[in-house]
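To start, the structure under review is shown below, and the notes come after it.
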Amino acid sequence: MKFAEFEVGMLIKHPLVPVTREEMLDFARKYDPQSFHIDENQAEQGHWGGLIASGWLTCAKAMRMAVDTSLHDSESFGSPGVERLRWVLPVRAGDSIRLEATVASKRVSSSRSDLGIIRWNWNVFNQRDELVLELDATSMFELKPSQE
């Protein structure tokens, strides 16, 4: 989507995508090797009663869904960060997750007319429509004078 196509209040949805045991373990071994992500026996005895996906894997999959639905053909060139990141419920192997992103605000920078800024709220749900992740993201877009 182009910056001009985003509207405040717009709801952007991505359908369910699977979360596999293999990708959970691979991601956790590389980036988040805590026992409840990588060790089945310890995880069974732990707080979560089994392996759970790293929250960072959930974030990465949400990012992929945002790119697939909105950012892949846009003028987006990055983000200054996210706010209010919450992992609400654990994601487990065999779950599927989907993204619902709502555009909260859209503006052209007051100091740079070639910079568009969108703030959007991302909610990720599992196949039971339970909220598993929420965050507020800001995306920056490079604008040409005709896009203002």
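Structure above, values below:
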{"read-out": "Exclusive hit being under 21 Å from A28 (Cα atoms), surrounded by 12 or more Cβ atoms within 10 Å (Cβ to Cβ) and not small (G, A, S), set D114, D95", "value": "D95"}
{"read-out": "Residue within the stretch 21-44 that is at positive phi and without any contact (Cβ under 8 Å) to a residue 40 or more places away in the chain present", "value": "no"}
{"read-out": "Failed condition for P18, given (1) modelled with pLDDT of 95 or more; (2) out of contact with any strand residue (DSSP E or B) (no Cβ under 6 Å at 6 or more places or on another chain); (3) exposed (fewer than 14 other Cβ atoms within 10 Å of the Cβ)", "value": "(2)"}
{"read-out": "Every residue from the stretch 75-87 that is exposed (fewer than 15 other Cβ atoms within 10 Å of the Cβ) and over 14 Å from L57 (Cα atoms)", "value": "F77, G78, S79, P80, G81, V82, E83, R84"}
{"read-out": "Residue match in the stretch 37-49 (condition: surrounded by 18 or more Cβ atoms within 10 Å (Cβ to Cβ), of a type in the set (A, V, I, L, M), touching an Asp or Glu at 6+ places or on another chain (Cβ under 7 Å) and farther than 20 Å from V8 by Cβ)", "value": "no"}
{"read-out": "The stretch 54-88, residues that are in contact with a strand residue (DSSP E or B) (Cβ under 9 Å, 6 or more places away or on another chain) and within 18 Å of R21 (Cβ to Cβ)", "value": "G55, T58, K61"}
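The values are calculated or read from the model by the stated rules, or taken from the named source; none is laboratory data. Quantities reported herein were computed from a predicted structural model and do not represent experimental measurements. Because the Cβ atoms are built from the backbone with ideal geometry, glycine has one as well, and the counts that use them run over all protein chains shown.
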